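Remarks on the structure that follows.
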Amino acid sequence: MITVLCGGVGAARLLGLLQREVADLNYCAVVNVGDDLVLHGLTICPDLDTITYTLANLNNEVTGWGLTDETWRVNRELAELGGEAWFQLGDRDLATHLYRTERLHQGATKTEVASELARHHGVTLPILPVSNDAVATFLETDIGELSFQEYFVKHRHAVPVSKVTFRGAEVAVPTAESLTAIQNATRVLIAPSNPVLSIAPILAIPGISEALRARRNTIAAVSPLIGGRALKGPADHLMTELGFEASSYGVAAYYGELVGHWFIDEVDASQASRIEELGASVTVLPTIMTQPESASALAQGIGTWLNS
Ligand code: GDP
Ligand code: CA
């Protein structure tokens, strides 16, 4: 089994690609919960839902998040009432959050609910929240401390960040399922997710880093930065704001000794030798998954490493 550490969109694309093109292997997703929030009394798990929706081919390509064929009647009414409508919840998507919230009230765990939602949508790949406990990403910014969604959605990740904290992480317990998935995996992949906002909160949960540190040679990562830029979101400028280079090398330096092998984009070929100096091996290849040809090349490269 291959275990993939996941945020949202970058991870969902990688999982979909591997399932389609390196189909002879079994995959399992260990997913960030630092973006999760309670809004209108509803428990919302954006990264878990992005992965489930994408693997079910229900992801909304227009918005880049949420469900396809979405309507917005509830959110419009809410806005007219003067309610908190900035976190746009679609009518279809709301059913997911209503279902999850009720199941959690009945005593189900986040892991159980994620599994029920995946099963409902015909997704067989295990989608495992890294922890059932509450972990909340907060950012210290020029305009004060913001919760993750205030930063990401309300302020469109446009305010400079000086520090990121994962509240609750130090006392959170990884689920037995996610810890086992890491320990039993023949290989671990770190998705091209935001290193600071998607992967770091997974690593911050006690036990996860320890399980990974024992096995550097079997861990590879795909760089989320291409030519120093993120395809979406703030990964590039966050690296700079936190004192790292906004480049594939910078991401490799950020993960340090955790990663044994890197997949970096062709446009970053000149950085390979600097990454090798960090003690990792490097494959240079196309890494843009939204273009079929480069996605296939990436899948082939990862497949070779996974089967080696
Ligand atoms: P979020 O939780 O939905 O914000 O998404 P993630 O944290 O999983 O991923 C965001 C990162 O995915 C961004 O830094 C993007 O650059 C990266 N990303 C998205 N699509 C691709 C792709 O096709 N190739 C690569 N290399 N990175 C990608
Ligand atoms: Ca996310």
Study note, to complete from the structure: Amide H neighbours of Arg187 at under 5 Å, excluding residues fewer than 5 places away on the same chain, with H built from the backbone geometry, are Thr3
**Study point:** Among Met1, Thr240, Gly41 - extreme Cα towards positive end, dipole of the chain, charges at beta-carbon
**Key:** Met1
Practice item. Beta carbons within 10 angstrom, averaged per residue: use that to sort the peptides 141-151, 77-87, highest first. Key: 141-151, 77-87
Review point. How far, in nm, would the chain grow between Lys163 and Ala95 when pulled straight, counting 0.36 nm per residue and subtracting the alpha carbon separation?
Key: 21.0 nm
Check your understanding: If packing is taken as the mean number of other Cβ atoms within 10 Å per residue, what is the order of 163-173, 55-65, highest first?
Key -> 163-173, 55-65
Practice item. Return the long-range amide H neighbours of Tyr27 (sequence gap of 5 or more, or a different chain), with a cut-off of under 5 Å between placed amide H atoms. Key: Ile2
Review point. Using Cα atoms only, what is the angle between the long axis of helix 9-21 and the major principal axis of the chain, expressed in degrees (0 to 90) to the nearest 10?
Key: 60 degrees
Exercise for review: Please give the calculated 222 nm ellipticity per residue for the chain, where each DSSP H segment of at least 4 residues contributes -39500 (n - 2.57) and the sum is spread over every residue; nearest 500 deg cm²/dmol?
Suggested key: -10500 deg cm²/dmol
Check your understanding: Could you state the number of Å between the C-alpha centres of the range 159-223 and the range 239-265?
Key -> 15 Å
Exercise for review: Hey, could you grab the Kirkwood Rh for the range 157-222? Inverse mean 1/r over distinct alpha carbon pairs, Å, one decimal.
Suggested key: 13.2 Å
Review point. Sorting Leu39, Leu125 on the 10 Å Cβ count, fewest up front, what's the list?
Key: Leu39, Leu125
Check your understanding: Quick one: His155, His97, fewest Cβ neighbours within 10 Å first, how do they rank?
Key -> His155, His97
Revision key, fill the gap. So for R0 = 51 Å, FRET eff. of Glu277-Glu80 from the Cβ-Cβ r, to 0.05, ends up at 0.30
Revision key, fill the gap. HN-Hα couplings for the range 285-293 via Karplus (6.51, -1.76, 1.60; θ = phi - 60°), in whole Hz with x for Gly/Pro, come out as 6, x, 10, 7, 7, 7, 10, x, 5
Point to revise | Which of Asp47, Asp236, Asp91 has the fewest Cβ neighbours within 10 Å, and the rest in rising order | key: Asp91, Asp236, Asp47
Exercise for review: Could you run the Karplus curve 6.51 cos²θ - 1.76 cosθ + 1.60 with θ = phi - 60° over the range 41-55 and give me ³J(HN,Hα) per residue in whole Hz, x for Gly and Pro?
Suggested key: x, 9, 8, 10, 10, x, 6, 4, 5, 4, 5, 4, 4, 5, 5
Study note, to complete from the structure: As a percent rounded to 5, the proportion of antiparallel DSSP bridges among beta bridges in the chain is 45 percent
Practice item. Evaluate the charge dipole of the chain about its Cα centre and quote only its size in Debye, nearest 20, assuming +1 on the Cβ of each Lys and Arg and -1 on the Cβ of each Asp and Glu. Key: 420 debye
Check your understanding: Relative contact order (percent) for the range 206-270, with alpha-carbon contacts under 8 angstrom and 6 or more residues of separation?
Key -> 41 percent
Check your understanding: Under 5 Å between amide H atoms, partner at least 5 residues away or on a different chain: which partners does Phe244 have, H built in plane at 1.01 Å?
Key -> none
Check your understanding: Extension gain His40-Ala23, at 0.36 nm per residue separation less the Cα-Cα distance, in nm?
Key -> 2.1 nm
Practice item. Quickly work out the Leu104-to-Arg119 label distance, labels modelled 7 Å from Cα along the C-beta direction, and quote it in nm with one decimal. Key: 2.0 nm
Review point. Can you work out ³J(HN,Hα) from phi for every residue in the range 244-250, in order, using Karplus 6.51 cos²θ - 1.76 cosθ + 1.60 and θ = phi - 60°, giving whole Hz and x for Gly and Pro?
Key: 10, 6, 7, 6, 4, 4, x
**Study point:** Helix 91-105 vs. the chain, principal-axis angle (Cα, 0 to 90°, nearest 10)
**Key:** 90 degrees
Review point. What is the gain in length, in nm to one decimal, between Leu242 and Thr71 on full extension, counting 0.36 nm per residue of separation less the C-alpha to C-alpha distance?
Key: 57.8 nm
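Read-outs: derived from the displayed coordinates by stated rules, not from any lab. Model, not experiment: these values are computed from the prediction. No Cβ is skipped: glycine too gets one built from the backbone with ideal geometry, and neighbour counts run over all protein chains shown.
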